[in-house]
Amino acid sequence: MVPEGWKQSEVGDHVDLLSGFPFKSSDYSDDSDDIRLLRGDNIGQGQLRWRDAKRWDKDQYEQLAKYHLNLGDFVIAMDRTWVTGGLKVAEVKDHDLPSLLLQRVSRLRAHPTLDQRLLRFFINGYRFEQYVKSVQTETAVPHISAKQIKEFPIPIPPLPEQRKIADILSTWDAAIEKTEALLATAKAQKRALMQSLLTGKRRFPEFEGQPWKEVRLGDVGLVSSAGVDKKTEDNQPEVRLLNFLDVFRREFIFDAELNHVVTAPSAKLEQCNVKRGDVFFTPSSETRDEIAIPAVAAEDMEGVCYSYHVVRFRLSEPWDMNFRAYVFQTDDFRRQAYKLGDGSGQRYVISQGNFRNMTVRVPSIPEQAQIGAILKAASGEIGGFEKQLTKLRTEKKALMQQLLTGKRRVVVDA
């Protein structure tokens, strides 16, 4: 039942929906000054990605006015519309223009009966995501049709109430965008600090003139893999598993965060245990950029074993705990990992031998401690912004559920 004064409708009654033009790939341009073509591959979750964009002769741009994209248009990939993480739906921004709409992408513009900003919230909302998941075909290439988009049911309030709802939700969007900008700045500042402090380009006065040493990982610690698999056997003791994502998503790993229970042979309990200060790496990934990502065990972890999907590096030198978390994040270390990754495009792997041969430059323990403390503080600032951003997004999502269904009504000025 729709609220009093609202009407049950469908998106197609209130938008101009256009599917793209079938540009021939054989006629694509190699000139970077030509017009970008918006394909489904260019649409991410909430933004357009123009890496490896295909282009069309700019001299033909005016002839294709029907397929011009405008500021504020919404675009939806018709193939694989729903992917892990969300929908391939985005709003066209200034920096996305000029561009042309390619087939298998739909463009939505609101009619005067629907506030364009409210369309944004309908399309980016939970209900539309669930709708797409329910109607998307389960073929080799899952897809939806323009007709299915048009048939998405929406309750429509009167225009004054639409504008008020859009004003409220836009305020939340502004707060989210501001926090995203602060987060991006904090990450850039931390990255700059890392590249200056961890390379010795920037020194603390009390350490000026003191030499750094370059060390090979195999000479200052033990690199080991062959961890525990994810199986459960009745005759084996239970253990908690430190997995790939536990490393990939963190700088420091804490015991309370690990809750994946499996079993392991008794011999593995000691062989694959986790001690405070152990550094873990992701030895493989689908891209070269995601191999050798580090994380440090922040404490001894009783009853925890590391997975066969990660590599453990147990230092024989007393490096500062915070320093351990950041020294393997430098551009130089990332370049080494990129070069040493063996693979063919589907999977890249760094062997134990290559891990042992990777090198880092380290200062004295007191200088390590100062560097580590500064970078840990920078990470703390980033973590604060990330928590704030999560809170804002969660609150906005709940508010959208109430406002866009009329469960919570707004007061419209007379």
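Given the Cα-Cα distance of ARG202 and LYS93 and 0.36 nm per residue of separation, how much length would full extension add, in nm?
Length difference between fully extended and current span is 35.4 nm.
Take the alpha-carbon centre of segment 200-220, take the same for segment 1-32, and report the distance between them in whole Å.
Computed from Cα coordinates, the inter-centre distance equals 57 Å.
In square nanometres and to one decimal, what's the mean projected area of the convex hull around the Cα atoms of segment 213-362?
8.6
So what's the convex hull volume per residue for the Cα atoms of the chain, in Å³?
Taking the convex hull of the Cα positions in the chain, it is 206 Å³ per residue.
Rank the residues TYR326, TYR67, TYR306 as a footprinting-exposure proxy: fewest other Cβ atoms within 10 Å of their Cβ go first.
In order of increasing Cβ crowding within 10 Å: TYR67, TYR326, TYR306.
Take the alpha carbon gyration tensor of segment 292-369, find the square roots of its eigenvalues, order them as a ≥ b ≥ c, and report rounded if a/c is under 1.5; if not, report prolate when a/b exceeds b/c, else oblate.
It is oblate, given that a/c is not under 1.5 and a/b is not larger than b/c.
So between THR287 and GLN346, what do we pick up on full extension, going 0.36 nm a residue minus the alpha carbon distance?
Result for the pair: 20.5 nm of gain on full extension.
If one takes the longest principal axis of the Cα atoms in the chain, at what angle in degrees, from 0 to 90 and to the nearest 10, does the Cα axis of helix 126-135 lie?
Once rounded, the angle reads 80 degrees.
Need one number: nm distance between label points at GLU233 and ASP57, each 7 Å from Cα along Cα→Cβ, rounded to one decimal.
In this crude spin-label approximation the distance works out to 6.8 nm.
Calculate how steeply helix 365-403 sits against the longest principal axis of the alpha-carbon atoms of the chain, using the helix alpha-carbon long axis, and give the answer as 0 to 90 degrees to the nearest 10.
Here the helix axis deviates by roughly 30 degrees.
What does the extension gain come out to for ARG314 and THR113, with contour length at 0.36 nm per residue minus their alpha carbon separation?
Length gained, ARG314 through THR113: 65.9 nm.
At 7 Å along Cα-to-Cβ for each site, give me the label-to-label distance between VAL83 and ARG104 in nm.
Simple spin-label model gives 1.2 nm for this pair.
Between ARG335 and ARG49, what is the label-to-label distance in nm when each label sits 7 Å out along the Cα-to-Cβ direction?
2.6
Given springs between every Cα pair under 10 Å in a Gaussian network model of the chain, which of VAL362, VAL274, VAL83 has the largest fluctuation?
VAL83
Sort 278-285, 162-169, 177-184 for me by packing, meaning the mean count of neighbouring Cβ atoms within 10 Å per residue, highest on top.
The densest-packed peptide leads the list: 278-285, 162-169, 177-184.
If you find the alpha carbon centre of segment 338-374 and of segment 271-321, how far apart are they in angstrom?
First find each Cα centre; the distance between them is then 12 Å.
Rule-based calculations on the coordinates, nothing more; no lab input. The structure displayed is predicted, hence computed values, not measured ones. Quick reminder, even Gly has a Cβ in these numbers, built from the backbone with ideal geometry, and neighbours come from all protein chains shown.
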